[in-house]
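Data block below; observations after.
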Amino acid sequence: MRAFTLAAVACAALAHDGLPKNPELNVPGYPDCVQPVKGGNEFTLECFQKPRDNKNQIRIGCVGDSITAGSHSTGGNHTYPGQLQIMLGDGYKVTNLGACGSTLLKNGNSPYWERPQYTTLINNTWDIIIIMLGTNDAKDKGSGGPPNWPHNCTGSDALKCPFAVDYHSMIEEVRKLGNPTIYTMIPPPLMKKGTYGMNQTVINDVFPTLVPAINKENNLPHPSIDIFDALGGADKASFPPGGCTLQTSKVADCADFCDQQSCDQCHPNNNGYTALAAAVKKGLSL
């Protein structure tokens, strides 16, 4: 397992500030990992590919951040990979490789490339890989977060920006893992400006065009799966200025982010994760 530094741990802890922790792992979310170290953290996790029950099962790896890991769900089958497993049935084996707080950017404050989930990804072979990263990359100083976003990912040179370059590197690494079918996903909308130090404009205005452009540039065989619109992004003009609350649950798909179970401006609730999984299933044409 990759060695970790105190600086890296502190940085990751800052990225997760305020997220509820899974007591079994001592980190937010419910990735397919175990925590062998008492009081350990995201760098001491030991993650694994879910074993197939038979050789004919199709192996799906879900690469992502805390939204993939299922932060703000009640865990288990309520994460989007867990729901996807139920929807697809016994012919598939879905592994949750979500790493909370992680960035696609190699020089981000907490790169996915340095997480145990990435080690598990590259040390196994897969039939389908689904990539949904970018939400933490959208953090910047102007939004109260670390200076992750490069702010040169629009216009004619958008595909030359660091995010697009590192996305290409990720796709190339995944292509080596048994030649899986690769899907990119446009992340969900951010319902309130500045949440977790994230730039709402990047998430709600840049990613819906940038991710499909990256998908096309890398000659992937299927269009990007649009989680943004599936979770209400098409109604961004109607987002409540103060974010979703229990009183605005009927506005702009706030119901998928805010109810009695959970109310967050970035992470879906259980119902939202089910809607997310349904959009993934549709995008996979399964």
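Give, as residue ranges, the helices (runs of 4 or more DSSP H) completely inside the range 144-233 that count at least 2 residues that are out of contact with any helix residue (DSSP H, G or I) (no Cβ under 9 Å at 6 or more places or on another chain) and of a type in the set (D, E, K, R). Spell out how you get there, then give the answer.
Details: elements: 162-175, 207-217, 227-230.
Answer list for the range 144-233: 162-175.
With (1) within 19 Å of residue 208 (Cα to Cα); (2) open to solvent by 30 Å² or more (accessible area, probe 1.4 Å); (3) of a type outside the set (D, E, K, R) as the list, and residue 277 as the residue in question, which single condition is left unmet? Only one criterion is unmet by residue 277, namely (2).
Taking the condition among the aromatic types (Phe, Trp, Tyr) and open to solvent by 10 Å² or more (accessible area, probe 1.4 Å), does residue 239 pass?
Details: among the aromatic types (Phe, Trp, Tyr): yes; open to solvent by 10 Å² or more (accessible area, probe 1.4 Å): yes.
Yes: the conditions hold for residue 239.
Sub-9 Å Cβ pairs linking a first residue in the range 114-127 that is more than 18 Å from residue 181 (Cα to Cα) to a second residue that is open to solvent by 60 Å² or more (accessible area, probe 1.4 Å) and modelled with pLDDT under 95, at least 6 apart or interchain, are 114/2; 114/4; 115/2; 116/1; 116/2; 119/1; 119/2, ordered by first then second residue. Among the criteria (1) in a loop (DSSP other than H, G, I, E, B); (2) more than 26 Å from residue 81 (Cα to Cα), the one residue 247 does not fulfil is (1).
Take the conditions open to solvent by 20 Å² or more (accessible area, probe 1.4 Å) and either touching a strand residue (DSSP E or B) at 6+ places or on another chain (Cβ under 9 Å) or over 27 Å from residue 252 (Cα atoms) (or both) and apply them to residue 137. Does it pass? Don't jump to the end; show me each part of the working.
Details: open to solvent by 20 Å² or more (accessible area, probe 1.4 Å): no; either touching a strand residue (DSSP E or B) at 6+ places or on another chain (Cβ under 9 Å) or over 27 Å from residue 252 (Cα atoms) (or both): yes.
For residue 137, the condition - open to solvent by 20 Å² or more (accessible area, probe 1.4 Å) and either touching a strand residue (DSSP E or B) at 6+ places or on another chain (Cβ under 9 Å) or over 27 Å from residue 252 (Cα atoms) (or both) - is not met.
When the test is whether a residue is open to solvent by less than 10 Å² (accessible area, probe 1.4 Å), of a type in the set (Gly, Ala, Ser) and more than 11 Å from the chain's Cα centre (by Cα), residue 91 does not pass it.
Taking the range 113-144 as the range and being touching a Leu at 6+ places or on another chain (Cβ under 6 Å), of a type in the set (A, V, I, L, M) and over 28 Å from residue 191 (Cβ atoms) as the test, only 121 passes.
The values are calculated or read from the model by the stated rules, or taken from the named source; none is laboratory data. Bear in mind that the values here come from a model prediction, so they are computed numbers and not experimental data. No Cβ is skipped: glycine too gets one built from the backbone with ideal geometry, and neighbour counts run over all protein chains shown. Areas reflect the complete protein model, heavy atoms only, side chains present, ligands, DNA and RNA absent. Shrake-Rupley method; radii C 1.70, N 1.55, O 1.52, S 1.80 Å.
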